[in-house]
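The next block holds one structure in the form of structure tokens; read it before the comments.
The values are calculated or read from the model by the stated rules, or taken from the named source; none is laboratory data. Bear in mind the structure is a predicted one, so any value in this text is a computation, not a measurement. For neighbour counting, all protein chains shown are included, and Cβ atoms are generated from backbone atoms with ideal geometry for every residue, glycine included. Note: areas computed on protein heavy atoms with side chains; ligands, DNA, RNA excluded. Shrake-Rupley method; radii C 1.70, N 1.55, O 1.52, S 1.80 Å.
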Amino acid sequence: MQAAELTRKIAVKKRGNALGFWFFKVSLRLFGLKGAYGLLYFVCLHYLFFDRLAVSAALAYVNKRFRKGGFLKRRLHVYRLFINQGKQLLDRYAAITGAKVFDIQLKGYEKLKALLGDSKQGIILLTAHVGNWQVAMTTLKELNRTVYLLMRPEDNPAVQSSLNISPEQSHIKIISPEQYLGGTLEVMKALGEGNIVSIMGDRRYGFDALGISFLENKAYFPFGAFSIAASSKCPIIILLSAKLSWCRYIVDVSHVLYPRYEGQGIKREQLRKYVQEFAGILDKYVQEYPYQCFLFHDVWNKRGHHT
């Protein structure tokens, strides 16, 4: 294991433990969701002052999204990001356990159902570290399709046991990118069987990346999902969600891409326009919801660690 990856995993494990999650769960029962939110303002101050790695990771985004302001103002942006991420983690737990039923507005859902109904081939759901994709996943049960998540095992055991979507659920399965060829063979098989495969569009997971424009700077996004879609001739649905109020979300699946290879050109270059379109959609999202972008890694650094 590389030194950078080992350092990251150690840091992640320090950010949560079973006692901490138990405390929030009890608070959720005693004080409700709003009361549990209140505790985040104190907890996030601790991370702001003492977790330099987390702050540094958040600043990669903050420095690009908020160009004006000095040291204190940018730290305030980081603090607000931490609080909003904490709220959405609590929402995730509340939704999965049934402690809270959220009012979820769906945009483009009929289009998604039509795509699944018109073809025996599966679809790729392209997600990103914006909004609350875990809560958004709860809206997919009515599609009656198995959803495969391409994701690695949770680095923090306390997070896994307290918040993780159970891989034993009948409609949700996990494909690990740490297996042979990054799980591509399993992904292709799942798509061929007409299932839904969810892939993070802002994490490499061993895939190569293309340099595109994001927040008016050159960034590096993986093109693995687009390559799989082009090879299997399946569509890509971009899954976005945003928290509108303490109990309301909007889930948007209205953006559809159809990556295809044409002619004899270099395949990766043929995919560039699709990767750029995805980045453009994310760009518009973070303009509207600047504190719901939890992109805590530097996609603008070509040599940065993105897996």
_Enumeration of residues in segment 173-205 that are part of a strand (DSSP E or B) and of a type in the set (Lys, Arg)_ = LYS173
*Assuming LEU125 fulfils every condition listed in (1) more than 18 Å from TRP246 (Cα to Cα); (2) in a helix (DSSP H, G or I); (3) of a type in the set (A, V, I, L, M, F, W, C) apart from one, which condition is it?*
(2)
*Within segment 206-234, which residues are open to solvent by less than 20 Å² (accessible area, probe 1.4 Å) and part of a loop (DSSP other than H, G, I, E, B)?*
LEU215, CYS234
_Condition first: open to solvent by 40 Å² or more (accessible area, probe 1.4 Å) and either in contact with an Asp or Glu (Cβ under 9 Å, 6 or more places away or on another chain) or at pLDDT 90 or above (or both). Now tell me which residues in segment 35-44 satisfy that._
TYR41, PHE42
_Return the pair list, or none, for Cβ contacts closer than 8 Å from residues in segment 52-72 that are open to solvent by 80 Å² or more (accessible area, probe 1.4 Å) to residues that are at pLDDT below 90 and part of a helix (DSSP H, G or I), at least 6 apart or on different chains._
LEU53/THR7; LEU53/ARG8; LEU53/ALA11
_Can you pull out every residue in segment 104-145 that is open to solvent by less than 10 Å² (accessible area, probe 1.4 Å) and touching an Asp or Glu at 6+ places or on another chain (Cβ under 8 Å)?_
GLY122, ALA128, ASN132, VAL135
_Index of the failed condition, GLY194 passing every other in (1) in contact (Cβ under 8 Å) with a residue 12 or more places away in the chain; (2) on the phi < 0 side of the Ramachandran plot; (3) surrounded by fewer than 17 Cβ atoms within 10 Å (Cβ to Cβ)_ = (2)
*When both residues are 6+ apart or on different chains and their Cβ atoms are under 8 Å apart, which pairs have a first residue that lies in segment 279-307 and is open to solvent by less than 40 Å² (accessible area, probe 1.4 Å), and a second that is at pLDDT below 90 and charged (D, E, K, R)?*
HIS297/ARG203; HIS306/ARG203; HIS306/ARG204
